[in-house]
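Everything on this sheet refers to the single structure shown next.
What follows is calculated from the coordinates using simple rules that are stated; it is not laboratory data. Please read all numbers here as calculations on a predicted model, not as lab measurements. A quick note on method: Cβ atoms are made from the backbone with ideal geometry, for glycine too, and the neighbour counts reach across all protein chains shown.
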Amino acid sequence: MQVEETKEFKPTIVAFCCNWCSYAGADLSGTNRLNYPANVKIIRVPCSCRVNPMFILRAFQRGADGVILCGCHPGDCHYTTGNYYARRRMTLLFSMLDFLGIEKERTRVEWVSAAEGAKFAATMNDFVATITKLGENRRLEDIRCKKQ
Amino acid sequence: MLKVSVDKINDLFRAIAATQKLYLPVDTNAGAQYREWSEGVTMSQALNTNRSAKDFFFPQTENLAEFKMEGKKIEVKPQVNEYEDYVVFGVRACDAASFAILDRVFLSEPVDTFYAHRREHGTIITLACNRPAETCFCTTFGVDPAVPGGDVSAWQKGEELYLEAQTEKGEKLLQAVAGALSQAESEDIEPVKAAIRVMMEKLPLAKLSLKGIEDQKMLDLFYSDKWNALSESCLGCGTCTFVCPTCQCYDVRDFDTGNGIQRFRCWDSCMYSDFTKMAHGNIRNSQMERFRQRFMHKLVYFPENNEGIYSCVGCGRCLAKCPIHMNIVKVIKTMGGTENE
Amino acid sequence: MQEAMIKRAKELLAEGTVNRVMGWQAGEFAYDITPTVFSSADELDKAFVYNDFCSANVSKYMIKESRKEGKILCFLKPCDSYSFNQLLAEHRIWRDNVYIIGIPSYGKVDVNKVRAKGVTGITGIHTDGPNVVVETIYGSETMVKMDVMEDRCLCCKSKKHMVYDELLGEEGEVLQSNRFEQVEALENMTPEERYEFWRSELSKCIRCNACRNVCPACTCENCVFDNPASGVANKAPSSDFEENMFHIIRAFHVAGRCTDCGECSRVCPQNIPLHLLNRKFIKDINELYGTYQAGEDKDARGPLTNFTVDDCEPSIVHHRRG
């Protein structure tokens, strides 16, 4: 008897989280025992503004299927205005990726405060579901990083 | 001497492609480029391809080896390529001449096996230049576009394409596709050759000569103050080196794939600021020094080490492509090349 | 115009206002013109040209030249003056060391377009009213100038000079141009079509860096792609990803500072329409953050070093179009 092997696609998600709000938000969701998938890899950054467009691209190169940037809500930035700059940058970058035909659902920005543990978990669950539906990142992959 | 009618040329291509891959210049939105022939692909009428034919033997990037690490064990996996026979059709005399220059670099000890294999498996069919361009100056380097070399040479005369084997490999190829060809006389193409030579005489660079450079001492040329003005507006890009059929410098680099190391080589350009970067720093820090290196190499150092053979074939690609139109012709003229009468 | 320019340059050299002149030097075949610094009246007489092939944007050279001893005379076409002004805004040029003469530009001719008409063996080209007469070793040919003009000149954004000390010829106007048409056409395609389009274009890249090195906005002392410590330095696109990354990052780095001079596409030896990436950023900036033209006002704050509290959210990309 043959058993058909179905390999479930588990996307790799990179989440850049600002140290002051979103990273704490992730912590809170943990202490509140809220679930979010283990394939979300968090990278802590001092501020959402620290995220260079290159970081996003490099995450895709190294095998990410989706990249999400989380920072303080506009107006709440620890450094006063960092996330305002990040907002413009990411808007333009995402628009450019879309212009190059790269699925726009693969990138996202969410503002998550330190008190929003539930929002963090919900956001991640939703993002993972979106990317799972979308499938593997093909258009921004580096083939050399994929072979085992 | 064999011939085929131009409107039946697809029969010839079909016959070649039946046993091996056939590449020929095809018009694209980036000028003429070598592409694999398949049914429906038509050959470009352009004088020459945008990129040179060196790509066939010396591709821009090429994997050399892979390393895997497990604990303290390192596994080295050399790159194993499978080489297939292939034919390149429509190579011009200048590019064909460049192969001999590349051979001197890659086939002398220690032999570059990657290059050697590609060279071995390729059969080159050259095509004489019926309509040379103003940027052509191959005759300066002793190339005769009326006798284009390669394994098989081809000439177009009106509606007929004449082919003649130049090497054993070429002979074999023509025998294999003999069904698509008919017999012809060698004298038939003499008028074509004569016409090409007349055209070459009329070209603006026909009289370009290196006599003035040959007569100078290497160090005088090296320390000449003319390099400053020549290199002043050089952008330091690598266009000239990458479109050049004889530029052969490369860099070996390691790429960390996350699960091992991929060692590869890629073209490098002496015009780049990190070209000669070593542990102690860089020996050529200004664009003038880099610029001088490129032309001294082609016109002085290379002939010094290779029985007077220059490392330029006069294809004219750098003349057409340089963003600021500084090129080897201007360098030759400024550094003392005279117009011989 | 050429005579007037040489005359004025000689005057300024003679009276000692400047000690060098940045201009264009004649080449071998009428179209291969090299940007050059002239330092004497003799040199000017011998080789200074200004014609329909002087398309190189000389403003970037002023970064280096303005740091040298004495003042330099620089002739700027309208589009070059935008780049120059932007460099002033970024404090890259020492303004006091440059004397600027604004010169008109009536659209430059693209020799590749002439060649694409099957013309080879070009020995001379000159403009004759609305036509271009090409002399070749195979005979002479006349073509309509509009047909062989550079693409960027066909959708010229402005004939007005943004910065100058004096003007030769008449000052032009900022034009209504249709330069975003191609970007719009791409936006209206499906993502799959766009992906195919850019893959076929960017896979032609040979990483000669001509686009980067010619760009007046690319003025980093050491580019991240040349810096071995950056982790992304590479000399050749060794994967599809690297082709994409180089061009996305390069375009992003000049976003908000690119004046749309079009040099990147002009110099690309593989004819990649790189200016479309920059134009996409310009168009987005105009639509999302208000019309902004880099190089127009040297005291203005660039759109990416600026913000308002009620800027749109990045999610706008998800529900805009398609």
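Counting only C-alpha contacts under 8 Å and six or more residues apart, can you give the relative contact order of chain B as a whole percent?
21 percent.
Where does each of C:127-135, B:140-148 land if you order them by average Cβ count within 10 Å, highest first?
Result, highest mean first: B:140-148, C:127-135.
Quick one: which residues, 5+ away or cross-chain, put their amide H under 5 Å from the amide H of C:M149? H built at 1.01 Å from N.
Correct list: C:D110.
Give me a single rounded figure for B:252-264: the average over its residues of other chain Cβ atoms within 10 Å of their Cβ.
So the per-residue partner count for this stretch is 4.
Using Cα positions and a limit of under 29 Å, work out the lysines in reach of C:K68, with same-chain residues fewer than 8 apart set aside.
B:K226, B:K277, B:K330, B:K333, C:K7, C:K10, C:K46, C:K60, C:K77, C:K160, C:K298
Which of C:I63, C:I206, C:I137 moves the most in a Gaussian network model of chain C with Cα springs under 10 Å?
C:I137
Report the Cα centroid-to-centroid distance between segment C:76-103 and segment C:198-216 in angstrom, as an integer.
First find each Cα centre; the distance between them is then 25 Å.
Below 9 angstrom from the Cβ of C:C153, what's the summed charge of the other residues (Lys, Arg +1; Asp, Glu -1)?
Residues near C:C153 contribute -1 overall.
Give the Kirkwood hydrodynamic radius (Å, one decimal) of segment B:80-138, defined as one over the mean of 1/r across all pairs of different Cα atoms.
Result for segment B:80-138 stands at 13.1 Å.
Cα atoms only: what Rg and Dmax, in Å, come out for chain C?
20.7, 65
Rounded to two decimals, what is Rg over Rh for segment A:27-80 when you use alpha-carbon atoms and the Kirkwood radius?
Radius of gyration over Kirkwood radius for segment A:27-80 works out to 1.01.
For chain A, which longest stretch is free of loop sites, where a loop site is one of the GluC sites (Glu not before Pro) that DSSP puts outside H, G, I, E and B and that has at most 16 other Cβ atoms within 10 Å?
Counting only loop sites that pass the neighbour cut-off, the longest clear stretch is A:9-135.
So for the protein assembly as shown: antiparallel DSSP bridges make up what percent, rounded to the nearest 5?
About 60 percent, rounded to the nearest 5.
So what does the Cα-only Debye profile of segment A:13-136 read at q = 0.11, 0.16 Å⁻¹, as log10 I(q)/I(0), no solvent term?
Debye intensities relative to I(0), on a log10 scale: -0.33, -0.71.
Which log10 I(q)/I(0) values, to two decimals, does segment C:109-149 give at q = 0.14, 0.35 Å⁻¹ under the Debye formula with one point per Cα?
Calculated log10 I(q)/I(0) at the listed q: -0.23, -1.40.
What percent does the relative contact order of chain A come to when contacts are Cα pairs within less than 8 Å and at least six residues apart?
So the answer I get is 36 percent.
Under Stokes-Einstein, with the Kirkwood radius over Cα pairs standing in for Rh, what whole-number D in µm²/s applies to segment C:178-322 at 37 °C and 0.692 mPa s?
199 µm²/s
Below 8 Å, C-alpha to C-alpha, sequence gap of six or more: please give me the relative contact order for chain C in percent.
Relative contact order for chain C comes out at 16 percent.
Net charge near C:A251: determine it from the other residues with C-beta under 10 Å of the C-beta of C:A251, scoring Lys and Arg +1 and Asp and Glu -1.
Around C:A251, the charge tally is +3.
Determine how many Å³ per residue the convex hull of the Cα atoms of segment B:28-153 encloses.
So the per-residue Cα hull volume is 162 Å³.
May I ask for the percentage of alpha-carbon pairs in segment B:237-292 that lie more than 20 Å from each other?
35 percent
Sorting check: for B:120-130, C:153-163, which peptide has the highest mean count of neighbouring beta carbons within 10 Å, and how do the rest follow?
Highest to lowest by the protection proxy: B:120-130, C:153-163.
Set the Förster distance to 25 Å, then compute FRET efficiency between C:E193 and A:A129 from the Cβ-Cβ distance, nearest 0.05.
E(calc), rounded to 0.05, equals 0.40.
Using the C-alpha gyration tensor of the protein assembly as shown, what are the square roots of 5 times its eigenvalues, in whole angstrom, with the largest one first?
Semi-axes, largest first: 46, 37, 25 Å.
Could you work out Rg/(2.2 N^0.38 Å) for chain B, with Rg from alpha carbons only?
1.08
In whole Hz, with x marking every Gly and Pro, tabulate ³J(HN,Hα) for segment C:143-150 from phi via Karplus 6.51 cos²θ - 1.76 cosθ + 1.60, θ = phi - 60°.
Using θ = phi - 60°, the values come out as 9, 6, 4, 4, 6, 10, 6, 4 Hz.
Between segment A:74-89 and segment B:129-156, what is the C-alpha centre distance in whole Å?
Here the two parts' Cα centres lie 63 Å apart.
Arrange the peptides B:283-294, B:249-260 so that the one whose residues have, on average, the most other Cβ atoms within 10 Å appears first.
B:283-294, B:249-260
Please compute the modelled spin-label separation between C:T142 and C:H91, points set 7 Å along Cα→Cβ, answer in nm with one decimal.
Going from the C:H91 label point to the C:T142 one covers 5.6 nm.
Can you classify segment B:1-43 as rounded, prolate or oblate using the Cα gyration tensor, where a ≥ b ≥ c are the square roots of its eigenvalues, rounded means a/c under 1.5, and otherwise it's prolate if a/b beats b/c and oblate if not?
prolate
Tell me the trypsin sites (Lys or Arg not before Pro) within segment B:72-113 that lie in a loop according to DSSP and have at most 14 other beta-carbon atoms within 10 Å.
Answer in residue order: B:K72.
Considering only C-alpha atoms, what is the centroid distance from segment C:1-16 to segment A:58-72, in Å?
Measuring centre to centre over Cα atoms gives 57 Å.
Kirkwood Rh, Cα Rg: Rg to Rh for segment B:45-94?
A ratio of 1.23.
Taking every DSSP beta bridge that has both residues in segment A:1-94, what percent is antiparallel when rounded to the nearest 5?
Taking every DSSP beta bridge within segment A:1-94, about 0 percent pair in antiparallel fashion.
Calculated from DSSP H runs of 4 or more alone, at -39500 (n - 2.57) each and per residue, what is the 222 nm mean residue ellipticity of the protein assembly as shown, nearest 500?
Calculated from helices alone, the mean residue ellipticity at 222 nm is -9000 deg cm²/dmol.
Looking only at other chains, what is the average number of their beta-carbon atoms within 10 angstrom of each beta-carbon in A:135-143?
Mean partner shielding for this stretch: 4.
Across the residues of B:295-304, average count of Cβ atoms on other protein chains within 10 Å?
Mean shielding by partner chains, rounded to a whole number: 0.
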